[in-house]
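Any read-out appearing in this document is the output of simple, stated calculations on the displayed coordinates, not a laboratory observation. Quantities reported herein were computed from a predicted structural model and do not represent experimental measurements. Backbone-built Cβ (ideal geometry, glycine too); neighbour counts: all protein chains shown.
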Amino acid sequence: MSEFDPKPPRRNFYGRRHGKTLRQSQKGYLSEDLGNLRPRGITLDENPERKPIDLAQIFGDDRPVWLEVGFGGGEHMVHMAARYPQIGIIGCEPFINGVAMLLGKIRAAGVSNVSVHPGDARDLMDVLPEGSISKAFLNYPDPWPKARHHRRRFVTPEHLIPLYRVMKPGAEFRVATDIPDYVRQTLEEVPQAGFELISEGKDAWDDWLSTRYEQKALREGRVPHYVTFRRKG
Ligand SMILES: C[S@@+](CC[C@H](N)C(=O)[O-])C[C@H]1O[C@@H](n2cnc3c(N)ncnc32)[C@H](O)[C@@H]1O
């Protein structure tokens, strides 16, 4: 394990944590930038009692905080941070190559309202205060195409119940996917967790920025689908 690995997971995580060997510049971003951008108190080591973390301490004031789950290469997150400088955005991504890509984009864009958890969203949600997130994004979540793996998808109670807890009443939850069966499961399971469906279809949000996975889906002839929910309560 490299020095950038978060604590070995207590939960099953079926995705990849490492990809191709990192470029020298990317290793530099991880060693120079991640320490300052990483929220403290997420890992079991740092916070064994799982006390709620203080978001005002991360962003320096009590601005609205948004959450992006599985930011991949980070293009959407940096775009949102640049477009909405008055908010703070926390992203989670266990795939360290994606984290390194994001850090490069943060440097290039010069945004300062981003916080980066290089690990599982469930560990972050454990310690986020109740009702602390004003908007959440789930862009092209891992599809887990085999029926026997559908319970690994993010749109299951294991993830949605904590997400409901950490979101503010009325807060928006956006899901983008190119997998019709993922749309089906999203429309079934997200409302059961306490979210109201606002819209769904093939039109992207006005402030959407297409991600790497969306570009791949388009090249391969799949059709993006955008779903918006509002947290009830
Ligand atoms: C298909 S990729 C999409 C990446 C990016 N959002 C995009 O659209 O290009 C899904 C990402 O979700 C991440 N992921 C999977 N489970 C996660 C979890 N429990 N918490 C945070 N990220 C997760 C994976 O590591 C992967 O990078």
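Working from Cα pairs under 8 Å separated by at least six residues, relative contact order for the range 24-231 is 20 percent. Listed by chain and number, the lysines placed with their C-alpha closer than 30 angstrom to that of Lys202 are Lys105, Lys135, Lys146, Lys168, Lys216, Lys232; residues fewer than eight positions away on the same chain are left out. Considering only Ala108, Thr177, Tyr164, the residue lying farthest towards the positive end of the dipole of the chain is Thr177, judged by Cα position with unit charges set on Cβ.
For the range 24-231, a simple Cβ point-charge model (Lys and Arg +1, Asp and Glu -1, everything else neutral) yields a dipole of about 380 debye relative to the Cα centre. Stretched out straight at 0.36 nm per residue, the stretch from Thr156 to Lys27 would grow longer than its current Cα-Cα span by 43.0 nm. Mean residue ellipticity, 222 nm, helices only, the chain: the sum of -39500 (n - 2.57) across DSSP H runs of n ≥ 4, divided by residue count and rounded to 500, is -10000 deg cm²/dmol.
Expressed as a whole number of Å, what is the distance separating the alpha-carbon centroids of the range 185-211 and the range 104-160? One Cα centre to the other: 15 Å.
Taking other Cβ atoms within 10 Å as a rough exposure proxy, Val99, Val114 sort from fewest to most as Val114, Val99. Across the range 144-214 the C-alpha pair distances fall into 5 Å bins from zero in the proportions 3, 14, 25, 24, 21, 12, 1, 0 percent. Neighbour counts of other Cβ atoms within 10 Å put His149, His225 in the fewest-to-most order His149, His225.
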